[in-house]
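Please read the structure below before turning to the comments.
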Amino acid sequence: MSKPKIEVRIESPQWARIPSVSRSVRRAAEAIGDDPEIGPTIRTADIICIALIDAEAIAVLNEKWRARKAPTNVLSFPAAPGPLLHSPRFLGDLALAFETIEREARSEGKPLRDHLAHLVVHGILHLLGYDHADEAEAERMEEIETRILASAGIADPHAIEVA
């Protein structure tokens, strides 16, 4: 299957708490290319830029682009459509905030690396046009995320743990 080219920029030193974080992010992104349904929509020449930032930086982006004055876990910025020809196609940018993702992973009892992988997949699906604005879209997106993450050995991020 095709795997996109992933550029990872670590812009917050907090991400060093996850050993080999760039490799983990790339693996999660590349797992999309292995999916039998979604994989064919990704070409080897496709490029995705992923910025690993902090909560302060993502709050600024969230306010500027979504008019929300708070940090969030992931933001997706799809590239404007352009000619495909034979040149690389830029799919867009993702920004992920360490503190928010760490807090969510801890509160949900999930491994930090797994939660990060989930949000990378989630963000890239947004770049590919998927959304969760209504219940049917949300269920479809969750189904795809679960399948892709399972192929990478990551538990269903949407499963509710019952103690």
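Derivation of every value follows stated rules applied to the coordinates shown; laboratory data play no part. These figures come from a predicted structure and were not determined experimentally. Neighbour counts are summed over all protein chains in view; Cβ atoms, including those assigned to glycine, are modelled from backbone coordinates with ideal geometry.
Structure above, values below:
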quantity: For A51, distant residues with modelled amide H under 5 Å away; calculated: R9, L94, A95, L96
quantity: Under 12 Å from K69, Cα to Cα: aspartates and glutamates that are on another chain or at least 8 residues apart; calculated: E56
quantity: Under-5 Å amide H pairs with R89, H placed in peptide plane, nonlocal only; calculated: D46, I47
quantity: Backbone HN-Hα couplings from phi across region 47-57 [Karplus 6.51/-1.76/1.60, Hz, Gly and Pro as x]; calculated: 10, 10, 9, 10, 9, 9, 10, 10, 5, 5, 5
quantity: Computed label-point distance, nm, for sites R103 and A159 using a 7 Å Cα→Cβ extension; calculated: 2.7 nm
quantity: Sorted peptide list for 27-33, 111-117, criterion being average Cβ within 10 angstrom, highest first; calculated: 27-33, 111-117
quantity: Extended-chain gain in nm, criterion 0.36 nm per residue less alpha-carbon gap, A80 and E7; calculated: 24.5 nm
quantity: Dipole in debye (nearest 20) - region 5-151, about Cα centre, beta carbon charges: Lys, Arg +1; Asp, Glu -1; calculated: 580 debye
quantity: Vicinal HN-Hα couplings computed from phi for region 108-124 (Karplus, 6.51 cos²θ - 1.76 cosθ + 1.60; Hz; Gly/Pro x); calculated: 9, x, 10, x, 4, 4, 5, 5, 4, 4, 4, 6, 5, 4, 4, x, 5
quantity: Near-label residues of region 117-150 by backbone N, under 15 Å of a point 7 Å along Cα→Cβ of R89; calculated: 125-130
quantity: Candidate lysines - alpha carbon under 18 Å from K110, same-chain residues fewer than 8 apart omitted; calculated: none
quantity: Whole-Hz ³J(HN,Hα) from phi, Karplus 6.51 cos²θ - 1.76 cosθ + 1.60, for region 11-27, glycine and proline x; calculated: 10, 10, x, 4, 5, 5, 5, 9, x, 6, 4, 4, 5, 4, 5, 4, 4
quantity: Mean separation of Cα contacts under 8 Å (6+ apart) over length of the chain, as relative contact order %; calculated: 23 percent
quantity: Other-chain or far-sequence residues with amide H under 5 Å of T72's (modelled H); calculated: A59
quantity: Full-extension gain in nm, A57 to R17, via 0.36 nm per residue minus C-alpha separation; calculated: 12.6 nm
